[in-house]
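Chemist: Below you will find the structure I want to go over with you.
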Amino acid sequence: MDFQLTEDQRALRGGVRDLLEGRFDVRAALDEGSSLDRGLWKELGDAGFFSLMVPEADGGVGLGLPEAVLVFEEAGRALLTGPLVGTFLAAGSLQGAASGEVVVTCSLGSLVPWLDEADVVLGGGVEGAVPFRSLDPLTPLHRLPGSGGFAHPSRPAGRLPKARAGVGAAAEAVDGDLADLLVAAEQLGSGGKTLEMAVRYARERTQFGRAIGGFQAVKHLCAQMLVRVEVARGAVYAAAVTGDVLEIAGAKLLADEAAVHNARDCLQVHGGMGFTWEADVHLHLKRAWVRAGLGRSAAQAEEELAAAL
Amino acid sequence: MDLTYTEEEEDFRARLRAWLARTLPELPPRPDPLDWPGRRAYDMGWQRRLYDAGYAGLHWPADAGGQGATPTQHLIFLEETEKAGAPYVGANFVGLLHAGPTIASEGTPEQRARWLPPVLRGDEVWCQGFSEPDAGSDLASLRTRAWRDGDHYVVSGSKIWTSHAEVADWCELLVRTTPVSEAVPKHRGISWLAMPMDAPGITVRPLRTLAGSTEFAEMFLDEVRVPVANRVGAENDGWRVTMVTLSYERGTAFVGEVVACRRVLGELAREARKNGRWDDAVLRRRLGRLSAEFGALWRLTQWNVSESQRSGGVPGVGGSVFKLRYSHARQELYEAAGEVLGAGSLDLDHEWTLDRLSSLSYTIAAGTSQIQQNIVAERILGLPKGR
């Protein structure tokens, strides 16, 4: 047992971080409004972002779930926009998805992100979807009619294959478990990023003649943020290694919580600044809320886990 | 990232399982949990069986009398012994997890030869004499003094929360060998002594916990003579020596307990299905959430163990992060047990009742949650020191 990142995995994570830092700026994306940067989408495709789990024989990168999770964690850190999960799921089977030439979305629970910008909807079934004004300025959303909010395709207890040949054909149902794990990985990245933002601010910002990070009340907020992110990391990485559906349910639950609560605590540490449009904190919080609304809800995950006890 | 165990590790697990299956039925009946002399005899009998089978001090280095097992083998050992319902380390806790590893790491060859074998064989029990009435969380403020008199230290002062003092043969004792001054800040001037508990001048007064147990005591020291040869590490270097001990405490102390909590959670669900409480969706969801918690804490344990294996067996700072979440999750588990049992939770003879009471100490012992949060914030996140 060696439950740590390999050298290759560290290199992959570092490479994706560099790529996103060099190419994606969340503030510029905000100025663009809710249109997708197709040039960036193509660059992500060229870098192998979408074809990561497609076998090498089929022109993909041929890596597994753990690597996919690391890449999506970086996307979450950077607040990368677009229907990442849908395009990733379609990469093995839908011409043009892997290369980023075709933008693919899918419904996740009762929500469909980026429907108007997508070329293809994986799994279909979005007739009558209603657009609404999204809380997250960087994620346009449609709501599916008649869904009570818990509609979510789920498999019986079992394991996901380690690497999936031809992930999800366009005609197939969306693999809700794989989607949830990727969303959980994004949440993990966001939770880690807001922790970094809070710690940096707490070291720089002075009040009463000293850095606010010296005050226990602020320290304890930051310490709990780290605890949340590390517990979620254990759950998300392990779920990626085992592919166990119950572990994925636990990972989604804990990663949603880490992302939402860390963003809230980050906002609190930032004080009045945290309540402004100018600080990035609200972008993380709003996206975390959106991701928590995609796929498994907390209630659903808890019921699944309880049923297995 | 790999969660599969090697063939060698699986062999080790299979041998251990077979031994546990043979050995556990031979054990005498468990003593009353409040009977510490009875518990000492029981726990040390278990330790002796471990010793005879070659499982004593599994994770200790071979040159300290241990088995030199990898952190992963130690993890398997704790997992399997807990799953099989084997006795807990109990009265041997301080010797095996604190004093022993400290002496193994910092002691002279003579000290290792004198103190380590009896711990491993289950012959001698250690207690922990760290805290004082005015030096609990602020351990460095301790005031128990030790003067040199020839080849002895003369020790006077008092200790509190001295774990297992009632039944101990030795005490890992922290004393101040140089008074605090401008030249000697409070973290310096402390020394680590092995004090024999039968020395004249020691008075032990057991403290009764809210669970009714006397697992720790007050200890009064009146000119107790301790040989200078019993000092582990250099004079005035006791703080650093102690940090070695505490890193072991935070790194490994709770591994088996996560396994135990997952077992109890399963029992709670079975009980709730039996007594009708399962129909309560709020309770059901609460148990589901705890399942995610303990699942993640087990994975975090494996993460920390893998990290310590890569760094050569030294427990990392991840222990503080783990303890912060685990101690609260354990308390929530027994709160949920109270919900499941209803009026039954008021029965002191129900095993979960005593566990519920003892879980209250988890956010206090071995560094309160508040102190742990300061440690995490300052040492891991790099926030400035302050109040």
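The values are calculated or read from the model by the stated rules, or taken from the named source; none is laboratory data. Nothing here was measured: the structure is a model prediction, and the numbers come from that model. Quick reminder, even Gly has a Cβ in these numbers, built from the backbone with ideal geometry, and neighbours come from all protein chains shown. Heavy atoms of the whole protein, side chains included, go into the accessibility calculation; ligands, DNA and RNA do not. Shrake-Rupley method; radii C 1.70, N 1.55, O 1.52, S 1.80 Å.
Chemist: Considering each residue of the range B:56-65, count those that are surrounded by fewer than 20 Cβ atoms within 10 Å (Cβ to Cβ) and closer than 13 Å to B:N92 by Cβ, and give that number.
Modeler: Total meeting the criteria: 0.
Chemist: Something else: I'd like the residue in the range A:194-227 that is at the interface with another protein chain (Cβ under 8 Å from one of its Cβ atoms) and among the charged types (D, E, K, R) and, out of all such residues, is surrounded by the most Cβ atoms within 10 Å (Cβ to Cβ).
Modeler: Checked the range A:194-227; the qualifying residue surrounded by the most Cβ atoms within 10 Å (Cβ to Cβ) is A:K219.
Chemist: May I pose another question? Kindly establish whether A:L52 is under 27 Å from A:A232 (Cβ atoms), within 14 Å of chain B (Cβ to nearest Cβ), assigned to a loop (DSSP other than H, G, I, E, B) and touching a Leu at 6+ places or on another chain (Cβ under 9 Å).
Modeler: When the stated conditions are applied, A:L52 does not pass them.
Chemist: Consider B:Q302 carefully, then state whether it is within 12 Å of another protein chain (Cβ to nearest Cβ), touching a Lys or Arg at 6+ places or on another chain (Cβ under 8 Å), modelled with pLDDT of 90 or more and assigned to a helix (DSSP H, G or I).
Modeler: Numbers: within 12 Å of another protein chain (Cβ to nearest Cβ): yes; touching a Lys or Arg at 6+ places or on another chain (Cβ under 8 Å): no; modelled with pLDDT of 90 or more: yes; assigned to a helix (DSSP H, G or I): yes.
So B:Q302 does not fit the description; no.
Chemist: Based on what the data block shows, is B:R356 within 12 Å of chain A (Cβ to nearest Cβ), open to solvent by 50 Å² or more (accessible area, probe 1.4 Å) and touching a residue at least 12 places away in the same chain (Cβ under 8 Å)?
Modeler: Considered against the rule, which asks whether it is within 12 Å of chain A (Cβ to nearest Cβ), open to solvent by 50 Å² or more (accessible area, probe 1.4 Å) and touching a residue at least 12 places away in the same chain (Cβ under 8 Å), B:R356 comes out as no.
Residue-wise test of (1) away from chain A (no Cβ under 14 Å); (2) modelled with pLDDT of 95 or more; (3) within 24 Å of the chain's Cα centre (by Cα); (4) open to solvent by less than 50 Å² (accessible area, probe 1.4 Å).
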residue: B:R13; (1), (2), (3), (4): no, yes, yes, yes
residue: B:L16; (1), (2), (3), (4): yes, yes, yes, yes
residue: B:P33; (1), (2), (3), (4): yes, no, yes, no
residue: B:Q47; (1), (2), (3), (4): yes, yes, yes, yes
residue: B:A53; (1), (2), (3), (4): yes, yes, yes, yes
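Chemist: Right, next: Give me a count of the residues in the range A:236-254 that are within 7 Å of chain B (Cβ to nearest Cβ) and open to solvent by 10 Å² or more (accessible area, probe 1.4 Å).
Modeler: 3
Chemist: Looking only at the range B:349-369, which residues are assigned to a helix (DSSP H, G or I) and either of a type in the set (F, W, Y) or out of contact with any helix residue (DSSP H, G or I) (no Cβ under 7 Å at 6 or more places or on another chain) (or both)?
Modeler: B:E351, B:W352, B:L354, B:L357, B:S358 - these are the residues of the range B:349-369 that are assigned to a helix (DSSP H, G or I) and either of a type in the set (F, W, Y) or out of contact with any helix residue (DSSP H, G or I) (no Cβ under 7 Å at 6 or more places or on another chain) (or both).
Chemist: State which residue is surrounded by the most Cβ atoms within 10 Å (Cβ to Cβ) when the search covers only the range B:134-146 and only residues that are under 12 Å from B:I190 (Cα atoms) and free of Cβ contacts under 8 Å to residues at least 60 places away in the same chain.
Modeler: Initial filter on the range B:134-146 (under 12 Å from B:I190 (Cα atoms)): B:139-146.
Then drop every residue that is not free of Cβ contacts under 8 Å to residues at least 60 places away in the same chain, which leaves B:141-143, B:145.
On the way: B:S141: 14, B:L142: 23, B:R143: 16, B:R145: 16.
Out of the qualifying residues, it is B:L142.
Chemist: Of these, B:S291, B:S306, which one is among the hydroxyl-bearing types (S, T, Y) and open to solvent by 20 Å² or more (accessible area, probe 1.4 Å)?
Modeler: Answer to the check: B:S291.
Chemist: On to the next question. When you go through (1) over 16 Å from A:L195 (Cβ atoms); (2) free of Cβ contacts under 8 Å to residues at least 60 places away in the same chain one by one for A:G295, which number turns out not to apply?
Modeler: For A:G295, the exception is condition (2).
Chemist: Here's another thing I want to ask about it. Just checking, does the range B:222-232 include any residue being away from chain A (no Cβ under 14 Å), open to solvent by 30 Å² or more (accessible area, probe 1.4 Å) and out of contact with any strand residue (DSSP E or B) (no Cβ under 7 Å at 6 or more places or on another chain)?
Modeler: There is at least one residue in the range B:222-232 that is away from chain A (no Cβ under 14 Å), open to solvent by 30 Å² or more (accessible area, probe 1.4 Å) and out of contact with any strand residue (DSSP E or B) (no Cβ under 7 Å at 6 or more places or on another chain).
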